[in-house]
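> Could you have a look at this structure, given as structure tokens, before my questions?
The values are calculated or read from the model by the stated rules, or taken from the named source; none is laboratory data. From a predicted model like this one, the values you see are computed outputs, not experimental measurements. Every residue, glycine as well, gets a Cβ built from its backbone with ideal geometry; the counts of neighbours run over all protein chains shown. With ligands, DNA and RNA removed, areas are computed over all heavy atoms of the protein, side chains included. Shrake-Rupley method; radii C 1.70, N 1.55, O 1.52, S 1.80 Å.
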Amino acid sequence: MKLSDLGFDRWFEAHMTELHLVGRGIARISAVDRGSYLVRNETGEVPAELAGKFSYQVESPVDLPCVGDWVTVQYYNDDTEAIIHGVFPRKTFLRRKTAGANIDIQMIAANIDCAFIVQSCHFDFNPRRMDRYLVMATDGQVEPIVILTKTDLISHDELEQKLAITRSTAMTARVLALSNMSGVGFDELQEMLVPGRTYCLLGSSGVGKTTLINRLTGQDTFDTKAVSGTGEGTHTTARRQLIVLSQGAMLVDTAGMRELGLLGVSDGFSQGFEDILVLSSSCRYANCSHGHESGCAVRAAVRDGELDEDRYSSYIKLKKESEYHEMSYLDKRKKDRAFGRFIKSAKKHIKG
């Protein structure tokens, strides 16, 4: 196996001069679990830890390695362990607002080529939540593909209805319906997987992500739990991990996300809600908020039935949420930097 088989291409080669590589190797983060890391290179996978200097220089959790990152490493103990010294720039990324009241960014994965947004046709079908995943993917320059699972639990008419809603929500993104039980749609999914490219599974707990991985690997790579009597799945994944499939593609599994807050996703909005942005170009005012202004082409489209009201409501809600989180995040970073300057000044004063 070569580094190129793991996704290391000319884009990353161009950034090698930005990092100090003397006496160090290159590897990819294949797992992160509570501050512990696994890194993979041409010869295999070993546990790794952060170098003390690197840990000290990190200004934000965003700068810490996440699954899919390329890093510079130094191997020791007969190449059975490694120390991480630096992180390459990220070509693409998946991130969200941290869960809870804390306003910060949490990295989900990096250098992902395609995100499989997985939703169950049975209990988890939620177009508005799909909007969030689509914005997350497009904001990080990751190609989204929507996968509807558990198609065997609904009728053909119900499936056609859900497919129509999904295609309307996903806009230009590809949509695939499959059943982990019967295998319908699975061959089409396998054809999407290209050797050397990295894919990520996104979705709520119990939608069938782990079962899907086990089908792709051809073995019980991860434990699954039986669905409830109603057909609703349960959560199994505990950490993010990159798996190299036998045909050469790579797959990142992620834990189900109960909260999917958006932060700093302006680019994602421009692509995830392209239909609304096209309409907004006809608004009377260039800075129209699409709320109560007269001459709003977006609200006019809703009134005329040209734009789905639920999609409009989702856009307004996510836009306000993202802008609020962005302002809070910038305010937090200013306070953090001010506190950092205070600490440095205090240390100088003590030494003096």
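> Is there any pair linking a residue in the range 195-218 that is at positive phi to one that is of a type in the set (Val, Ile, Thr), with Cβ under 7 Å and at least six apart or on different chains, and which?
Going by the 7 Å Cβ cut-off, the qualifying pairs are 203/117; 203/118; 206/234; 208/118; 208/149.
> Only one residue in 210, 237, 230 is over 16 Å from residue 112 (Cβ atoms), at pLDDT below 90 and either part of a strand (DSSP E or B) or open to solvent by 40 Å² or more (accessible area, probe 1.4 Å) (or both). Which one? Walk me through how you get there before you give the answer.
Values: 210 fails: either part of a strand (DSSP E or B) or open to solvent by 40 Å² or more (accessible area, probe 1.4 Å) (or both); 237 fails: either part of a strand (DSSP E or B) or open to solvent by 40 Å² or more (accessible area, probe 1.4 Å) (or both).
Among 210, 237, 230, only 230 is over 16 Å from residue 112 (Cβ atoms), at pLDDT below 90 and either part of a strand (DSSP E or B) or open to solvent by 40 Å² or more (accessible area, probe 1.4 Å) (or both).
> When you go through 182, 120, 168 one by one, which is the residue that is touching a Gly at 6+ places or on another chain (Cβ under 7 Å) and over 20 Å from residue 322 (Cα atoms)? Please lay out each step first, then the result.
Details: 182 fails: touching a Gly at 6+ places or on another chain (Cβ under 7 Å); 168 fails: touching a Gly at 6+ places or on another chain (Cβ under 7 Å).
Going through 182, 120, 168 in turn, just one is touching a Gly at 6+ places or on another chain (Cβ under 7 Å) and over 20 Å from residue 322 (Cα atoms): 120.
> A further question follows. So residue 67 ticks every box in (1) out of contact with any helix residue (DSSP H, G or I) (no Cβ under 6 Å at 6 or more places or on another chain); (2) modelled with pLDDT of 90 or more; (3) closer than 19 Å to residue 252 by Cα; (4) not in a loop (DSSP other than H, G, I, E, B) but one. Which box is left unticked?
For residue 67, the exception is condition (4).
> Return yes when residue 254 is modelled with pLDDT under 85 and either surrounded by 18 or more Cβ atoms within 10 Å (Cβ to Cβ) or of a type in the set (Asp, Glu) (or both) and no when it is not.
Working: modelled with pLDDT under 85: yes; either surrounded by 18 or more Cβ atoms within 10 Å (Cβ to Cβ) or of a type in the set (Asp, Glu) (or both): yes.
Against the criterion (modelled with pLDDT under 85 and either surrounded by 18 or more Cβ atoms within 10 Å (Cβ to Cβ) or of a type in the set (Asp, Glu) (or both)), residue 254 qualifies.
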